[in-house]
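> Have a look at the structure that comes next, please.
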Amino acid sequence: MINKVPSNKLKLPAKANPTLIDQFGRAVDYIRLSITDRCDFRCVYCMAEEMTFLPRNEVLSLEECARLVKVFVSLGVSKVRITGGEPLVRKNALWLFETIGKLDELKELVLTTNGSQLEKQAQDLKNAGVKRINISVDSLNATRFKKITRTGELDKVLRGIQAAKLAGFESIKLNTVIMRGVNDDEILSLVDFAIAQAIDISFIEEMPLGEVDHTRASTFYSNADALKTLQSKYPLIASTETTGGPARYWRVANQEGKTNTKIGFISPHSHNFCESCNRVRITCKGELYLCLGQEDKVDLMPLLRNHPENDQPLIDAILASMAIKPKGHDFDLKRAQPAVIRFMSHTGG
């Protein structure tokens, strides 16, 4: 049972520190919070085909998620991305967006989704305070989309994209994981689609997380190659724009009066972006991971549950975690085993 919290009751804990600074002098002002390990897709690079999901009592309640966000915002975090699994399959997820969307100190509430639930939920999410939305789309071919996602329906996602456009988010961006021999022949058509829809797109190099049914090296497609392919067709202008994450952006020029689509590249292999890392991740189990590609973590769930009325132990643990945030992820495709065994769906997309 979720109790609605009136907007005038949303009080942050007293600030213990204006910012979170790690041992390398990087300020952490961005958290990615997974609210479920469950998903209605089974994307080949993210999950096993047969998954065992966590019992309900091992997953943060939505109230605990809201409390965590409030504490991090009190420590200077200004951007929160809600992820999963697929966050919108979580029952009553909208309550969480409505609750944290009322925090004055939070500048950006954003969402990563597979798009399957947007047809019904897009407008409510916009009303709750979500400013930007990322939608995972790895193919525009319905048969291939089904093969990559194992269970997904492309038409449903496309309707979700249209619903998001109608809702009027500040920005809508497609996220595409390019895999050699799987969907690398769709780079141009995906950008054509983004231009036609007046939305943005980012290409993401596949990350070595979790056991999958293919070798990462065999499907690896570098963003440098993707950029060359795009430059063969489009006049691209390098941009210094940032959305607070790891993507490097280019703008498509000369689109005959249309919105200049922004193309991003997230390149954990070909261009290590760790020197400017400003983020940490929290799993749906309350595990605070200081780096996507390392195992350093702090368990926050016991602190939440053992101190329901006192945020100080939680604040102390978060501040102390900055001392173990590693310098970088150091992904290596030549390793026989993935760098990290946990699936991307466990850590949060």
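Laboratory data are not the source of any read-out in this text; all were calculated from the coordinates shown. Owing to the predicted nature of the structure, the values given are computational and were not obtained by experimental measurement. Positions of Cβ are backbone-derived with ideal geometry, glycine not excepted, and every protein chain shown enters the neighbour counts.
> Hull surface divided by four, with the convex hull built on the Cα atoms of segment 19-167: how many nm²?
9.8
> Here's a follow-up. Quote to one decimal, in nm, the extra length available between LYS285 and ASP192 on full extension: 0.36 nm per residue of separation minus the C-alpha distance between them.
My answer for the length gained is 29.6 nm.
> Describe numerically, in nm with one decimal, the distance between label points set 7 Å from Cα along Cα→Cβ at ILE21 and at GLU295.
3.1
> For segment 71-159, which chymotrypsin sites (Phe, Trp or Tyr not before Pro) pass both filters: DSSP loop (anything but H, G, I, E, B) and at most 15 other C-beta atoms within 10 Å? Walk me through the intermediate numbers first.
Details: sites: PHE72, TRP95, PHE97, PHE145; in loops: none.
Sparse-neighbourhood loop chymotrypsin sites (Phe, Trp or Tyr not before Pro): none present.
> With the cut-off at 31 Å, tell me which of the pairs LYS70/LYS228; LYS102/LYS146; LYS120/LYS327; LYS228/LYS285; LYS102/LYS165 have Cα atoms farther apart than that.
Numbers: LYS70/LYS228 43 Å; LYS102/LYS146 37 Å; LYS120/LYS327 41 Å; LYS228/LYS285 41 Å; LYS102/LYS165 23 Å.
Beyond 31 Å between Cα atoms: LYS70/LYS228; LYS102/LYS146; LYS120/LYS327; LYS228/LYS285.
> Further, regarding this structure: Considering only C-alpha atoms, what is the centroid distance from segment 30-63 to segment 136-177, in Å?
If you average the Cα positions of each part, the centres end up 19 Å apart.
> Could you check the simple spin-label distance between ASN57 and LYS147, using points 7 Å along Cα→Cβ, in nm with one decimal?
4.4
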